[in-house]
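The values are calculated or read from the model by the stated rules, or taken from the named source; none is laboratory data. What you see is a predicted model, and the numbers here were worked out from it, not measured in a lab. Glycine gets a Cβ as well: all are built from the backbone with ideal geometry, and neighbour counts include every protein chain shown. Side chains are part of the model used for accessible areas, which takes the heavy atoms of the whole protein and leaves out ligands, DNA and RNA. Shrake-Rupley method; radii C 1.70, N 1.55, O 1.52, S 1.80 Å.
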Amino acid sequence: VQGRQEEIKEALTEAELDQRVDIYLLETETLWMLDMPSAMVSEEAEDAERVQQRNEIYVGLCKSKEGSNRFVERMVQTLDGAAKNKEVQCETITLEEKGMMVTPWDLDNSLDAETEPPSRAEGSRATTGESSKCATTPEHEQSVSGPPDRGFTTSSLMIPESALSARSHKEEKCPSEVVLTSEKLQQDLVVMERILAENIFQPKLAAYQQIPVLRGLFLTQNPLSNTGGAAAAMEEAEEEKHDKEKRDEGKKGKGCIVSDAPKAPEAAGAPRLELLWSYTCDLTTGHRVSSMALNKVNPDLLAIGYGEFDSKDQKKGLACCWSLKNLMWPERIFRCEHGVTAVDFSMAIPYLLAVGMSNGSVAIYDVRSRNDIAFLDSSASLNKHTGPVWQLRWVEQDRGATGGDKKEKLMCISADGRVTEWLIQQRLDCLDLMTLRRTEREKKKFPGDKGRKSEALISQQAAGMCFDFHPENTDIYLAGTDEGHILQCSCSSKEQVLSTYRGHKGPVYKVAWNPSSTDMFLSCSADWSTILWHQDSQTPLLTFTSVTTSVHDITWSPKSAFMFTAVNESRVEIWDLSVSIFNPVMCHAANPEANLTSILYAKKNNNCLLVGDSQGGVGVWELLDLDAPGSDKVQHTRRRGCSGASFL
């Protein structure tokens, strides 16, 4: 029981009583908690006379309207409040119709079964279950057809299979259904599908893998057709003739894809792209390709992420793994609740696939399993991202390790302005490497602007769009932001930015270090430009602009340090800085019906490009008639005055 403490009053001394104390009374501000204007006014109020006069005028006005010819009733339209549009998004509701045919005898038997005792009903069911056979067996057909002299008609005994399944609870499965659902048959069908796919695409796969094309036998004809070898030979001869005509037209400058730059009339042929095949199916059609990643150990395995960036057309995301063994359907399909924005394979554990999503979640899948449930995800993490994960990457770092051992870590950059490192334990959890801060733009000062204050930033954090780690020192990385700046940061310093590169006027979509000349890097942006930088200079070295569309992705060519490839909404551009710094050497509209989104070089063949688009397709293109720097054609072009990139 808590007792109340007694208050102890302190006694004042005589000196304190004689002491003079000044007390000042001040009026505080009036705080109105509730103000309800009254409809009544006191007769003693100051404005009572004015209110009385207004009431008399109103009464006189009302009396004058009664019986007056001048009074006319008219409608007045008042202003309504601003309308609010509300939309509700839900999944498509699918409706199915199901029916079953029964006879009057079935209805009578079902009613009798309800009135039978439990013991008798169980006995009859057991007898029925033991004597029931498959609807396709001869004994069942004989018992159903029966002789006509027994007084039963054939139509009355022809009971549908659905009725039999409803009446019999222990009916055995049909042999055909058992065979079709067996795992052995499904595995054999997968092998047969791969054989047919490799048979159909063998010339294309040979060009991709740089192996000789198998001629003769049945490989030169379509296995799905019934045509013989002679017809196939005729078709092959026609294809060779058509290819020869195309090459002749290419020599004349017709029928091939050429660059916007003027070509020399003595050029033997123009660079061009030839489509080998496209990774697409009914499942991926209509989904935007957001990212691509090749397996580090098995380059035949390609991971593609599908996700929508537009908030008006949000769809569930997909992460599919395609293989060269079957070009018509993905080997693994991982369905995600939100759009997939980034994918990447692990180097140390090649079967782990990291997936970033538009809601800020990160998941890791095991591609060995056919189950689409994530091996690990960040749903239980308290420090997960609150914005889309625009890019993620497995990075090998030897920070503090002895003997040169490297440890692989998963790094992410998100629209919430954070660069994080994910710890793979029993669950996914992350640590912040850097929080990207916004920087005030430098404005010109005018004579009358001395007393003006700088505008305050709405958000102190800058949204991270992309990043890339240095190819030699993985402790250093570049981060592109939505305000057009590129920040050079270090994993050792979480709060300090090493350098800031200002040159873009829009969000930076991609940054890429040069793998050969590690002091140079490229960046592309929504401001239609691609910029070449040197890490020791905060001023752009070169700015490339060819069309007035956003540049979504860039990548350096593995063939030369002078060549890079950029993809914008309309076409693919290949630049060779040893030939020209003003125009690309080759431009090609890969898919005129869709916007291009991403690009990637194949590892097995440096002359093959993978181009993703907004309709869910990833085309594999072979680059033809493009000489690497150092050839006679390039040296001849350089002597004609198109030399460039000497700064490298």
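For the listed peptides 508-514, 338-344, 540-546, a ranking on the average number of other beta carbons within 10 Å per residue, highest first, reads 338-344, 508-514, 540-546. Between V179 and V21, the modelled labels are 10.8 nm apart [label points 7 Å from Cα along Cα→Cβ]. Backbone geometry of the range 338-346 corresponds, through the Karplus equation with coefficients 6.51, -1.76 and 1.60 at θ = phi - 60°, to 3J(HN,Hα) couplings of 10, x, 7, 10, 7, 9, 6, 8, 7 Hz, x marking Gly and Pro. Close amide H contacts of E396 (hydrogens built in the peptide plane, cut-off under 5 Å, sequence separation of 5 or more or a different chain): K409. Taking 0.36 nm per residue of separation and subtracting the current Cα-Cα distance, fully stretching the chain between T94 and Q52 would add 8.1 nm. Here the range 473-497 and the range 573-611 have alpha carbon centers that stand 28 Å from each other.
With a Förster radius of 45 Å applied to the beta-carbon distance between Q187 and M101, the computed FRET efficiency rounds to 0.75. Here the range 266-350 is treated with +1 on each Lys and Arg Cβ and -1 on each Asp and Glu Cβ, and its dipole about the Cα centre works out to around 220 debye. Sequence-ordered 3J(HN,Hα) estimates for the range 532-541 from the Karplus curve with 6.51, -1.76 and 1.60 and θ = phi - 60° stand at 9, 10, 10, 5, 8, 10, 8, 9, x, 7 Hz, glycine and proline given as x. The Cα center of the range 17-54 and the Cα center of the range 342-372 differ in position by 71 Å. Of the peptides 424-437, 558-571, the ranking by mean beta-carbon count within 10 Å, highest at the top, reads 558-571, 424-437. When Rg and Dmax are taken over the Cα atoms of the range 463-600, they come to 14.5, 46 Å. The length gained by stretching the chain between R370 and E408 to full extension, at 0.36 nm per residue less their Cα-Cα distance, is 11.2 nm.
Annotation: peptides 21-29, 499-507, ranked by per-residue average of other Cβ atoms within 10 Å with the highest first, follow the order 499-507, 21-29. With N as its number of residues, the range 537-631 has a Cα radius of gyration that, divided by 2.2 N^0.38 Å, comes to 1.08. Since only C524, M586, W621 are under comparison, the one whose Cα sits farthest along the positive direction of the charge dipole of the range 500-632, derived from C-beta charges on Lys, Arg, Asp and Glu, is C524. Close amide H contacts of L283 (hydrogens built in the peptide plane, cut-off under 5 Å, sequence separation of 5 or more or a different chain): none are found.
Accessible surface area normalised per residue over the range 68-108 is 127 Å², counting heavy atoms of protein chains with a 1.4 Å rolling probe. Altogether, the Stokes-Einstein calculation at 10 °C and 1.306 mPa s, with the Kirkwood radius of the range 507-556 over Cα pairs as Rh, returns a diffusion coefficient of 144 µm²/s. Taking amide H as placed 1.01 Å from N in the peptide plane, the amide H of G616 sits under 5 Å from that of G286, H287, V289, each at least 5 places away or on another chain. R418 sits among other residues whose Cβ lies under 14 Å from its own Cβ, and their net charge, with Lys and Arg +1 and Asp and Glu -1, is -2.
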